[in-house]
Ligand SMILES: Nc1nc2c(c(=O)[nH]1)N(C=O)[C@@H](CNc1ccc(C(=O)N[C@@H](CCC(=O)O)C(=O)O)cc1)CN2
Ligand SMILES: Nc1ncnc2c1ncn2[C@@H]1O[C@H](COP(=O)(O)OP(=O)(O)OP(=O)(O)O)[C@@H](O)[C@H]1O
């Protein structure tokens, strides 16, 4: 399968999930995350889910992070430059959905990328080497390239890895671990 075919297949697979499956699987992913050795850090980037695209619901993970008193970083999407800017999530942060249905902070304290210790990464599909396919605009490829080498990159997926290996491009940064409802994969 080509990258475009995989992208479309996994978009469809997601659209077939019911609201209950999304909720249960997202809880299972948050519980899997709790088992991992990833909680010794300070700054955690979390993507805020696009409900219309039936992404993993990260609100349970957000509660976990807040319960552990972590610094939570959320991002604003800049479609013109295909870039993200990062803000500390506080009680005062106002979150609004942009025109793509991505909840994002309006303003606040901007966090420099190099401070971020752990990044939870959205994806459509991933392979046995930790390579991922996203929506194809390179937002996370760019962001992960800016991160420190020791920043932990954690993918979240409703589905198990692809059988076929993806051909990585030079800008592709491999994930360190992917969490699915059933298990997790370190690469
Ligand atoms: N929650 C979340 N935030 C994220 C990402 C993500 O995958 N998930 N992104 C990861 O890189 C970036 C945003 N990428 C996006 C890419 C495409 C569309 C979108 O809606 N595109 C088309 C068609 C999509 C479809 O066919 O399903 C549209 O306009 O309808 C939205 C966001 C940055 N922020
Ligand atoms: N670090 C980068 N600098 C410049 N261009 C980049 C960079 N990373 C990715 N791109 C460009 O962005 C486009 C999309 O990349 P790719 O198909 O790998 O996205 P993806 O991993 O599927 O999606 P995403 O990262 O948006 O979730 C490509 O045309 C690629 O050349």
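Summed over all non-identical Cα pairs, the Kirkwood treatment of the range 136-187 gives a radius of 12.3 Å. Separation of the range 52-81 and the range 2-36, taken as the distance between their Cα centroids, equals 16 angstrom.
Note on the chain: with a GNM built from Cα contacts shorter than 10 Å, the maximum mean-square fluctuation among 59, 99, 157 falls on 99. In terms of overall dimensions, the C-alpha atoms belonging to the range 75-124 reach 26, 25, 20 Å along their principal axes, ordered largest to smallest.
A compact globular protein would have a Cα radius of gyration near 2.2 N^0.38 Å; the ratio found for the range 36-90 is 1.24. Each 10 Å bin from zero up to the one holding the largest Cα-Cα distance in the chain carries the following percent of pairs: 9, 39, 41, 11, 0. Taking the DSSP beta bridges with both ends in the chain, the antiparallel portion is around 55 percent. What is the calculated FRET efficiency for residue 53 to residue 114, with r their C-beta to C-beta distance and R₀ = 22 Å, to the nearest 0.05? Efficiency, rounded to the nearest 0.05: 0.15.
Read-outs: derived from the displayed coordinates by stated rules, not from any lab. Predicted, not measured: the structure shown is a model, and the values here were computed from it. Every residue, glycine among them, receives a Cβ derived from its backbone with ideal geometry; neighbour counts consider all protein chains shown.
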